[in-house]
Amino acid sequence: MSGTVHCSRPLEHVMLLEIDNPPRNTLGRAMREQMRGHLHAADADFTVRAVVVSGRGKAFCSGDDLREELEALGERGSRGGNLLDFASLLEQVEQLRVPVVAAIGGWCVGGGVELALCCDVRIASTQARFVCAGVNVGLMASAYRLPRLIGLGPARHLLLTGSPADVAWARACGLVTAVHADDELAGEALVIAARIASRAPLSVEASKRVSGLALDLDPEKGREAQGRELATLLQSSDHVEAVRAFLEKRDPKFTRS
């Protein structure tokens, strides 16, 4: 049976995407196309202010479908096509207009680690396990994004051994920012997404853009990037609304304008 990426709107302004392709929640070609469609919809729908990505069952995601990769290896002209296609999906997640929260329950393996790294916030269940499986299958993954997030030493431990890491290790090195009981993970991810969705949308989107550039910019370029965004935000109706709401001691009503 083919898998499904379930898409729902459990809260106002929040989209939930659940990878459901047992037993490992791989993202083969058909699954990637489903995911792409939902991400395009989220980008185009300005009522969406946050996205949660999770996996059903005992895995978050295990990357590409190796059966499809094996088929591609028999077709000389197709070698590498799966990797490039998977990489384009990762870039789409990373560049999504709104923040993405990864709720990592169970196994997070190979391209699944890359998917988690492309999300803006990562939380995990006590059952989560992480494997940078590139060296286990004669490939490479996460060698760029992982060191930038957790540092070179811890990253190389995962990247060069291909060994599993438990959630305590992941929490200690900053791969995830919170750990919850398995039955509480989904609810906690929605709490974070709801909080993001309740903030000024243009400010959230600008903060995502600039923070995504931060590690690659020198101080001067960083100030310029922030200055450009602030010049726009200062003219927004939401900024005026936020100041008025603060002075009137009420919750702001943001309109993304």
According to the square roots a ≥ b ≥ c of the eigenvalues of the Cα gyration tensor, what is the shape class of the chain, taking rounded for a/c under 1.5, prolate for a/b larger than b/c otherwise, and oblate for the remainder? prolate
Mind checking the per residue accessible area of the stretch 27-177 for me, 1.4 Å probe, whole number of Å²? 45
Accessible-area composition of the stretch 17-90, carbon plus sulfur, in percent [1.4 Å probe]: 57
Computed lengthening from S198 to H157, 0.36 nm per intervening residue step minus Cα-Cα distance: 10.9 nm
Give me, ordered by chain and number, the residues 5 or more places off W107 or on other chains with an amide H under 5 Å from its own placed amide H. A59, F60, R129
Cα gyration tensor shape of the stretch 58-122, rounded if a/c is under 1.5, else prolate or oblate by comparing a/b with b/c: oblate
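Under the classification rounded if a/c is under 1.5, otherwise prolate if a/b is larger than b/c and oblate if not, where does the stretch 117-225 fall, given a ≥ b ≥ c as square roots of the Cα gyration tensor eigenvalues?
oblate
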Rolling a 1.4 angstrom probe over the protein chains, ignoring ligands and nucleic acids, what is the accessible area of C119 in square angstrom, nearest 10? 10
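With a Förster radius of 22 Å, plug the Cβ-Cβ distance of S2 and L84 into 1/(1 + (r/R0)^6) and report the FRET value to the nearest 0.05. Numbers along the way, then the final one.
Numbers: r = 22 Å, r/R0 = 1.01.
Using R0 = 22 Å, I get an efficiency of 0.50.
Percent relative contact order of the chain, based on C-alpha pairs within less than 8 angstrom and at least six residues apart? Could the numbers behind the result be given before it?
On the way: 444 pairs, mean separation 40.0, N = 257.
Here the relative contact order equals 16 percent.
The values are calculated or read from the model by the stated rules, or taken from the named source; none is laboratory data. Model, not experiment: these values are computed from the prediction. Glycine also receives a Cβ, built like all others from the backbone with ideal geometry; neighbour counts cover every protein chain displayed. To get the accessible areas, we keep the full protein, side chains included, count just its heavy atoms, and leave off ligands, DNA and RNA. Shrake-Rupley method; radii C 1.70, N 1.55, O 1.52, S 1.80 Å.
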